[in-house]
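Student: Handing you this structure, nothing more for now.
All of the numbers you see were taken from the coordinates with simple rules; none came from a lab. Quick caveat: nothing in here was measured; it's all calculated off a predicted structure. We place every Cβ from the backbone using ideal geometry, glycine too, and count neighbours over all the protein chains shown.
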Protein chains: 4
Amino acid sequence: MAGGTKRLPRAVREQQMLDAAIEVFSDNGFHDASMDAIAAKANISKPMLYLYYGSKDELFAACIHREGVRFVEAISPAGDPNLPPREQLRAALTGFLGFVDANRRSWMVLYRQAIGQQAFASQVGSSRDRLIELTAKLLESSTKDPDPGTDFSIMAVALVGAGEAVADRVAGGEIDVDAAVDLLDSLAWRGLAGTTKKKQ
Amino acid sequence: MAGGTKRLPRAVREQQMLDAAIEVFSDNGFHDASMDAIAAKANISKPMLYLYYGSKDELFAACIHREGVRFVEAISPAGDPNLPPREQLRAALTGFLGFVDANRRSWMVLYRQAIGQQAFASQVGSSRDRLIELTAKLLESSTKDPDPGTDFSIMAVALVGAGEAVADRVAGGEIDVDAAVDLLDSLAWRGLAGTTKKKQ
Amino acid sequence: MAGGTKRLPRAVREQQMLDAAIEVFSDNGFHDASMDAIAAKANISKPMLYLYYGSKDELFAACIHREGVRFVEAISPAGDPNLPPREQLRAALTGFLGFVDANRRSWMVLYRQAIGQQAFASQVGSSRDRLIELTAKLLESSTKDPDPGTDFSIMAVALVGAGEAVADRVAGGEIDVDAAVDLLDSLAWRGLAGTTKKKQ
Amino acid sequence: MAGGTKRLPRAVREQQMLDAAIEVFSDNGFHDASMDAIAAKANISKPMLYLYYGSKDELFAACIHREGVRFVEAISPAGDPNLPPREQLRAALTGFLGFVDANRRSWMVLYRQAIGQQAFASQVGSSRDRLIELTAKLLESSTKDPDPGTDFSIMAVALVGAGEAVADRVAGGEIDVDAAVDLLDSLAWRGLAGTTKKKQ
DNA sequence: GATGAATGAGTGTTCATTCAT
DNA sequence: AATGAATGAACACTCATTCAT
């Protein structure tokens, strides 16, 4: 305890810090998260945080980055080109919403946090943009005979937006992942028609 | 100095302050907006802000409130029950996106800001929830022969989410209001089918 | 109400203001008493306070002054030179403690307040000094054959100090006026001997 | 700058801060003493004050506490039960007035200050109450054959009050410690009789 | 005579950030 | 490699005080 400053390899320390940071950031929001609190939670001294990350902003950026990577990894399997496009989209939705469900606090809050913190909006934007692009491609490849004027990337924006809104409810525990996937899948392919009595 | 700060009636000052506050809040985010900056922008002294609004939080809340009211007013015409439901939805979309287009900075950022500011999330949430409810009713009344299990309010969540995402692009000038309205309208009724070559 | 600004003669207004000021000062202490609160309690506008008293300090000084005068008036009857000195002292004690008992909040707190507020200590001091002088004279005139070196004014300081301490308890309701008078009277003439079983 | 503010051990800094605080509080009174001024006088930065004491109130409380302890220590020797009670009282008076004489500014003003600051009155009150209790015991044990109804604690209140009043004069340099001790000692045992020519 | 409107100046408090060890 | 000690710079908020009407 007193003086038990374990020598840990850099990589481990880094994760330890990010874990602590994410927890504190998500609990308190960016501004109300203090470096003191993060250092305390990570069981290290404040100067270590600065040694590793340079500033609060950079630390937050690192958090967003790590979560963004994890997020993309969670969705990537959807990219399996052996599946038919529609299955791919479904897989992507499942990956996305499953991730949100499994990482409610750490991701959701960071995500919503970061969007509000304009200094980081662009960074979140890049993760999101990758998601949108991926979605756009899926949409395009799964649409036979598309109207030539169709802008799939804007369609993807809308779908991802819908996905995010639904994800909020998933994260809030108001709806479960499967129902959310069905809803979005249906919305994508049939619009409101999907709410019409089936086969009747 | 610059603006000749001369005794104005209360109502005028209030708007002056809110205008300034919205500008500063939207430029800097809630936490990075200082009361000093807001007072300066409003050409008044800080104590006036406190006299009129009591605290930074209350000032921000007042901003959200005013914009929320304006927002609802902008969309309300859509409620005309003489129109067929689908026209109503279209009118609502036009009202919504038109408002965002016309009040980019003041609304968009406040909106995104407020969502990230946990203390205010609930307040924004209520405006948003009203919007979602309204949407849900439109969806329901415009769907003939609905599947009995359909949860229109979750559908509405998704659509509003899509709308917000598209609205971001509208506010960013990346897409124009009409195209956005078409897109969301199409998404609502036909899903991706709407991107298929028409008349085919 | 709205606009019912009664034209009151100056003297009345002054008392009204002082009453309000004393109440607020005694409730909150000098620093935590705001001119706003005083004006509100006096049912007048703040500028009136300034018109009549010039500043918060001067207002407080006026409070102390008025209460000081009242205080001295309450004790003065003791000066009746027809009474034997010891009766005079008893009358003075009764006057003093009776005043404190009857004006707990307004006097006691102001008094203790003012002593702590060094800017006003001297002013309170003057009321107090008059009291001490009076006491000293009583002591002197009632002591037959005094030791030539006796400094009655320091004796008076001690007695008045004892009186104030006892007065605190009177104001606090912990002891009643008569008991307090007996105690101090006894202390003055017999010291602790006064606590010895009588006539035994 | 002036003082070469170099990393000092906690204990040292604490005293440094309290010294400065006491000086500033006693010079200006609680409210008019600014944390800035205290920090400046202590040759440290304001955040240090907050790091060590948390708030202005707590800092003031710490001042009162430290002085209170010193005060009690100065008087404690009087508790030597080998001395006859009357000697004990004399020793206590000497301790008390000697302390006041030696710590004029730091104690006197703090004491008078704290009494006026309602938030701290209770804290001072407790020190004072201990003093009163101690005095009451001394009085009781030194009175042979007391009147059964005698309330020594009220007697003690009066005596301590007299002591405080005299202490003010001691602190003001208007009377020296020995004379003050004689006066109070005499007052306690003989009342005004003590001013009568001795041996008569 | 009376006041609503307005502010300059200051206070306590916090926090990201950096030395000195 | 690691940290306890220290601070500069802000910020929200308050209040006595004064115009302009």
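Student: Starting from the Kirkwood radius over alpha-carbon pairs of the range D:1-65, derive D by Stokes-Einstein at 37 °C in a medium of 0.692 mPa s and give it in µm² s⁻¹.
Tutor: Numbers: Rh = 11.6 Å.
D = 284 µm²/s.
Student: Grab the residue from chain A whose Cβ hugs the A-to-B rotation axis most tightly, plus its distance in whole angstrom.
Tutor: A:116, 1
Student: Next question, about the same structure. With +1 assigned to the C-beta of every Lys and Arg and -1 to the C-beta of every Asp and Glu, and no other charges, what is the dipole magnitude of the range B:49-196 about the Cα centre in debye, to the nearest 20?
Tutor: On the way: 14 positive and 20 negative charges, 65 e Å.
I would put it at about 320 debye.
Student: Still on this model: With a Förster radius of 41 Å, plug the Cβ-Cβ distance of residue C:58 and residue B:28 into 1/(1 + (r/R0)^6) and report the FRET value to the nearest 0.05.
Tutor: On the way: r = 44 Å, r/R0 = 1.07.
That pair, residue C:58 with residue B:28, gives E of 0.40.
Student: Going 7 Å from Cα along the Cα-Cβ axis for the label, what nanometre distances separate residue C:15 from the same residue across the other copies?
Tutor: Inter-copy label distances (nm, one decimal, shortest first): 5.0, 5.9, 8.3.
Student: Further, regarding this structure: Need the list of aspartates and glutamates near residue A:46 for cross-linking: C-alpha distance under 20 angstrom, and skip anything on the same chain fewer than eight residues off.
Tutor: Correct list for residue A:46: A:14, A:19, A:23, A:27, A:32, A:36, A:57, A:58.
Student: What's the center-to-center distance, using Cα atoms, between the range C:64-130 and the range B:14-52 in Å?
Tutor: Rounded to whole Å, the Cα centres lie 52 Å apart.
Student: To one decimal in nm, how far is residue C:65 from the same spot in the other copies, if labels go 7 Å from Cα toward Cβ? Please give the shortest first.
Tutor: 4.4, 4.6, 7.2
Student: Let me ask another. Specify the angular offset, from 0 to 90 degrees and rounded to the nearest 10, of the alpha carbon long axis of helix D:152-171 from the longest principal axis of the alpha carbons in chain D.
Tutor: So the inclination is approximately 60 degrees.
Student: If you fit an axis through the alpha-carbon atoms of helix A:10-28 and take the longest principal axis of the Cα set of chain A, what angle between them do you get, 0 to 90°, nearest 10?
Tutor: The helix A:10-28 is inclined about 70 degrees to chain A.
Student: Considering the convex hull of the alpha carbon atoms of chain A, report its projected area averaged over all viewing directions, in nm², one decimal. All intermediate terms of the calculation are to be shown ahead of the outcome.
Tutor: Details: hull surface 56.9 nm².
Across all orientations, chain A yields a mean hull projection of 14.2 nm².
Student: Fewest to most neighbouring Cβ within 10 Å: what's the order for A:17, B:48?
Tutor: B:48, A:17
Student: Note down the relative contact order for chain A as a percent, whole number, built from C-alpha pairs under 8 angstrom at least six residues apart.
Tutor: Details: 172 pairs, mean separation 39.0, N = 200.
Averaging sequence separation for qualifying contacts and normalising by length gives 19 percent for chain A.
Student: Once the label point is placed 7 Å from Cα along Cβ, list for residue B:137 the distances to the corresponding points in the other copies, in nm, shortest first.
Tutor: Going from nearest to farthest copy, the values are 4.4, 7.8, 8.7 nm.
Student: Kirkwood Rh over alpha-carbon pairs of the range A:13-107, then Stokes-Einstein at 20 °C and 1.002 mPa s: what D in µm² s⁻¹, rounded to an integer?
Tutor: Translational D for this selection: 147 µm²/s.
Student: For q values of 0.23, 0.24 Å⁻¹, compute log₁₀ I(q)/I(0) with the Debye formula on a Cα-only model of the range D:57-121, without solvent.
Tutor: Taken in order of the listed q values, log10 I(q)/I(0) reads -0.91, -0.95.
Student: Under the Kirkwood approximation applied to all pairs of distinct alpha-carbon atoms, what is the hydrodynamic radius of the range D:100-178 in Å?
Tutor: Result for the range D:100-178, one decimal place: 13.8 Å.
Student: By count of other Cβ within 10 Å, fewest leading, how are A:70, B:13 ordered? Spell out each step's value before the answer.
Tutor: Values: A:70 14, B:13 17.
The most exposed by this proxy come first: A:70, B:13.
Student: Now, a different point. Using only Cα atoms, find the angle between the long axis of helix B:85-102 and the longest principal axis of chain B, and express it within 0 to 90 degrees, rounded to the nearest 10.
Tutor: In chain B, helix B:85-102 runs at an angle near 30 degrees to the longest axis.
Student: How would you rank B:144, A:41, going from fewest to most other Cβ atoms within 10 Å of each one's own Cβ?
Tutor: Values: B:144 8, A:41 18.
Ascending Cβ contact count within 10 Å gives the list B:144, A:41.
Student: Once you treat every alpha carbon in the protein assembly as shown as an equal point and sum by Debye, what is log10 I(q)/I(0) at q = 0.07, 0.09, 0.10 Å⁻¹?
Tutor: With one equal scatterer per Cα and no solvent, log10 I(q)/I(0) is -0.76, -0.94, -1.04.
Student: Let me ask something additional. Run the simple label-point estimate for residue A:40 and residue D:19 please: 7 Å along Cα→C-beta, distance reported in nm.
Tutor: The two pseudo-label positions are separated by 3.2 nm.
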